[in-house]
Amino acid sequence: MGEAIWQLKKDSSISPTLYAIQEASNILPNPLRTAVAHYCLTTTLLNAFEPGDLRRIDWVDTTNNTGIGGTPGSTYYPYKYKIGPANNTVGPFKEYYMIFRLAEIYLIRAEAEAGGATGGTAAAITDLNTIRSRAGLPGLSTSLLQPQVVTAVAHERQIELFGEWGHRWLDLKRTGQAHDVLSALSSKQPWAGDYQLLYPIPPTEIQVDHFLVQNPGY
């Protein structure tokens, strides 16, 4: 199935340094610029892929960070969007920024259906299976109960949308699961506190508006 719904064109006149800043602010990481993986995937995410998932094969790559300034063991990185400043320094970019794509539409609709929208869980499973089929995975059983379908939607969103626009963080926040999931991650230990579930307000904004009060913990 065709994916792109909304993309933004890259400007090849922008320097690689500015692109690095742009990619970080867009939360849509390009792949390796050097031998070091700047954006590493957690073991939790890697283990969440089912055996044979083509997304694990096609969208994840690996490098050895040990001894070259990286964190030993943090060797897997997103390889979804492959054309960046490091490998396209001459001529126009061949790949645009992906803002919105078809798989997310299926996932949004599946979540709504699982929550009681027209079509119900049967329609939600059909939408999820459309994505799973593209990933080379077997379809989910039509006998799944509503709570199981809700869990399946969350799982597919985690796998399908990783490395894109902070979807996982926002999903955990809006569904009230952020504390339980994030505080259990080994990389988050010791858990500093739930204040991390809010971002700090930039000091410059507080200086401009004296009615603003900094979020607790910052």
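The values are calculated or read from the model by the stated rules, or taken from the named source; none is laboratory data. Nothing here was measured: the structure is a model prediction, and the numbers come from that model. Quick reminder, even Gly has a Cβ in these numbers, built from the backbone with ideal geometry, and neighbours come from all protein chains shown. For the accessible areas, the whole protein counts, side chains as well, though only heavy atoms, and no ligand, DNA or RNA atoms are used. Shrake-Rupley method; radii C 1.70, N 1.55, O 1.52, S 1.80 Å.
With every protein chain in place and a 1.4 angstrom probe, the accessible-area ranking of Ser183, Ser133, Ser141, largest first, reads Ser133, Ser141, Ser183.
Once C-alpha pairs closer than 8 Å and six or more residues apart are averaged by separation and normalised to the residue number of the range 149-218, the relative contact order reads 18 percent.
Note on the range 151-218: with charges restricted to the Cβ of Lys and Arg (+1) and Asp and Glu (-1), its dipole about the Cα centre is near 140 debye.
Applying the criteria of a DSSP loop state and at most 16 other Cβ atoms within 10 Å to the chymotrypsin sites (Phe, Trp or Tyr not before Pro) of the range 149-182 yields Trp165. For the range 136-176, the dipole from Cβ point charges (+1 on Lys and Arg, -1 on Asp and Glu) about the Cα centre works out to 160 debye, to the nearest 20.
Cross-link check: pairs Lys9/Lys173; Lys94/Lys173; Lys82/Lys188; Lys10/Lys188 evaluated at a Cα-Cα cut-off of 32 Å; pairs beyond the cut-off: Lys94/Lys173; Lys10/Lys188. Surface listing: Ile131, Ile108 arranged by accessible area from highest to lowest gives Ile108, Ile131, probe 1.4 Å.
Annotation: Thr126 carries an accessible surface of approximately 80 Å², with a 1.4 Å probe and no ligand, DNA or RNA atoms counted.
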